[in-house]
């Protein structure tokens, strides 16, 4: 099974177009939240309508979880608009599904992450707290889900192999170990024509390959232990850039 992991599109039309027409072939697209941009100039209702239209053009099946921008977009409605994205080929918050022998779970923003049984892949917008995928490369602040991090390290969440997240736009590492699981965060490169993405091959060679700005930037065999020091060296060489005139997000610690 091949998974394409993306996150934090923040209403970038070219990235949605890339996802629909140019993204690598995969069995499932996993988007870990923040379709919308609450700091943008486009009114939220217009963003919602257009994002729904863009996602309807996808060629591959989609599993997503909500992010803070998605849930906070409509006052008092807690991301109700996301239900309009659901279809026989698109699943969202609260989904537990099995594809090619892999069990995937989607957990929405602001909801407890209590799993009723073993799962292979968890979608959660904020990475596990205390994990390098949640820590800002710029100032070391941790934007992660601390309860999730503690549950993974203590074994309260059983048999979890992979956690897919976003939220922290400039993480220290694109992958890191948390308990028995490996946490992934593709990061956010506002100045790029295509989004950062991670390709996971869960069969055969069992590899994860991270692409930043359309270029291969790192690879990890899923049976290996992540090496944060190596990824810090990569991060130092490949600092993402903010597009001119684009406001910073609170979870985006990029330098202008």
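The values are calculated or read from the model by the stated rules, or taken from the named source; none is laboratory data. Treat the numbers as computed from the prediction; the structure is a model and nothing was measured. Backbone-built Cβ (ideal geometry, glycine too); neighbour counts: all protein chains shown.
From (1) within 15 Å of residue 3 (Cβ to Cβ); (2) free of Cβ contacts under 8 Å to residues at least 60 places away in the same chain, pick out the condition that doesn't hold for residue 94.
Going through (1) within 15 Å of residue 3 (Cβ to Cβ); (2) free of Cβ contacts under 8 Å to residues at least 60 places away in the same chain one by one, residue 94 breaks only (1).
Looking at (1) modelled with pLDDT under 95; (2) under 16 Å from the mean Cα position of the chain (by Cα); (3) surrounded by fewer than 19 Cβ atoms within 10 Å (Cβ to Cβ), can you tell me which one residue 118 breaks?
(2)
Just give me the residues in region 1-13 being farther than 21 Å from residue 73 by Cβ and not in a loop (DSSP other than H, G, I, E, B), in sequence order. Give the steps one after another, and end with the answer.
Kept after step one, since they are farther than 21 Å from residue 73 by Cβ, are these residues of region 1-13: 1-5.
Selection gives 2, 3, 4, 5.
When region 57-80 is examined, which residues are found to be at pLDDT below 95 and closer than 17 Å to residue 36 by Cα?
71, 72, 73, 74, 75, 76, 77, 78, 79, 80, listed by residue number.
Within region 131-142, is there a residue that is surrounded by fewer than 20 Cβ atoms within 10 Å (Cβ to Cβ) and in a strand (DSSP E or B)?
Let us first name the residues in region 131-142 that are surrounded by fewer than 20 Cβ atoms within 10 Å (Cβ to Cβ), namely 136, 138-142.
Subsequent filtering for residues that are in a strand (DSSP E or B) retains 136, 142.
Within region 131-142, one or more residues are surrounded by fewer than 20 Cβ atoms within 10 Å (Cβ to Cβ) and in a strand (DSSP E or B).
Would you mind stating whether residue 100 is surrounded by fewer than 19 Cβ atoms within 10 Å (Cβ to Cβ), within 16 Å of the chain's Cα centre (by Cα) and in contact (Cβ under 8 Å) with a residue 60 or more places away in the chain?
On the way: surrounded by fewer than 19 Cβ atoms within 10 Å (Cβ to Cβ): yes; within 16 Å of the chain's Cα centre (by Cα): no; in contact (Cβ under 8 Å) with a residue 60 or more places away in the chain: yes.
Spelling it out, it is not the case that residue 100 is surrounded by fewer than 19 Cβ atoms within 10 Å (Cβ to Cβ), within 16 Å of the chain's Cα centre (by Cα) and in contact (Cβ under 8 Å) with a residue 60 or more places away in the chain.
Give region 25-48 a look and list any residue that's part of a loop (DSSP other than H, G, I, E, B), under 29 Å from residue 207 (Cα atoms) and modelled with pLDDT of 95 or more, or say none. Can you show your working first?
Looking only at region 25-48, we keep the residues that are part of a loop (DSSP other than H, G, I, E, B), and these are 25-27, 32-43.
If we keep only those that are under 29 Å from residue 207 (Cα atoms) as well, we get 25-27, 32-35.
Residues satisfying the conditions are 26, 27, 32, 33, 34, 35.
Select from region 178-210 the residues that are buried (at least 19 other Cβ atoms within 10 Å of the Cβ), without any contact (Cβ under 8 Å) to a residue 60 or more places away in the chain and outside any loop (DSSP other than H, G, I, E, B) and list them in ascending order.
Within region 178-210, 178, 181, 182, 183, 208, 210 meet the criteria.
If you check 63, 36, 28, which single one turns out to be touching a helix residue (DSSP H, G or I) at 6+ places or on another chain (Cβ under 8 Å) and surrounded by 14 or more Cβ atoms within 10 Å (Cβ to Cβ)?
36
Among the residues of region 157-169, which ones are farther than 17 Å from residue 112 by Cβ and surrounded by fewer than 23 Cβ atoms within 10 Å (Cβ to Cβ)?
Hits for region 157-169 are 159, 161.
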